[in-house]
Amino acid sequence: MDGDTATVLLVENEPDLAELYASWLEGAYRVETVRDGAEARSVVADGVDVVVLDGRPADADVEPDALVRDPRTRVVVMTGAEPDSPSPTVDEVLLKPMSRAELRSSVENQLLRRTYDEQLEAYFELASKRATLHGRLSEAERRSSQEYAEIEDRIAVLRTEVDETRARLLERDDLEQLYRDVTTAPDSTT
């Protein structure tokens with residue numbers, strides 16, 4: 001997403017609402033609007049950053065669990081009532097009626113959270129490489145290793161980026177969601 005326009009898939013079976021919501025997002029994002037599961041699956045297969053879908057899908061193929069396979073894809077469900085227990089693949093629930101500002105803010109939050117996830121993944125991947133090198137190289141070899149120095153530099157840059165992104169999320173009052181993400185993250189050791 002760096003420098004690119006994010007792609008938002010809007011799944012809404014009511015044409016007037018689909019047109020309205022798309023107009024609220026266009027200009028800031030590349031918006032794909034579909035009305036059914038077959039169309040939605042096709043667009044998702046091409047890759048999207050955020051899926052915004054009606055909480056009353058026209059068919060079961062639009063349910064978040066059936067539609068979204070890429071864990072990096074963020075999912076926002078628009079609904080008229082607070083769900084009892086949202087799907088684990090749903091990242092945010094927006095209550096209808098909503099404003100343009102609420103919809104745009106939701107998409108912005110999800111994109112920022114996606115960036116944060118990607119930065120953390122890159123950070124921990126490099127930290128793992130550094131730990132491997134640290135175990136294989138003596139202190140003198142680490143000091144003279146170009147690869148080790150480059151990893152150290154990249155880790156420092158990523159740490160700054162992660163801290164800045166986390167600060168932006170906290171400014172947006174997304175602290176509760178960040179903690180929820182950490183406590184519900186799948187166990188990566190299995």
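The values are calculated or read from the model by the stated rules, or taken from the named source; none is laboratory data. Treat the numbers as computed from the prediction; the structure is a model and nothing was measured. Neighbour counts are summed over all protein chains in view; Cβ atoms, including those assigned to glycine, are modelled from backbone coordinates with ideal geometry. The protein model used for the area step is the full one, side chains on, heavy atoms only, and it has no ligands, DNA or RNA in it. Shrake-Rupley method; radii C 1.70, N 1.55, O 1.52, S 1.80 Å.
For the stretch 80-130, evaluate the Debye formula with one uniform point scatterer on each Cα (no solvent term) and list log10 I(q)/I(0) at q = 0.22, 0.31 Å⁻¹, rounded to two decimals.
Relative scattering, expressed as log10 I(q)/I(0), comes to -0.88, -1.12.
Any idea of Met78's accessible area? Nearest 10 Å², probe 1.4 Å.
Surface accessible to solvent at Met78 totals approximately 0 Å².
Order the peptides 68-77, 134-143, 150-159 from the highest to the lowest mean number of other Cβ atoms within 10 Å of their residues.
68-77, 150-159, 134-143
If each residue of separation counts as 0.36 nm, what is the full-extension length gain between Asp4 and Arg72 once their alpha-carbon separation is subtracted?
Gain in length upon complete extension: 22.9 nm.
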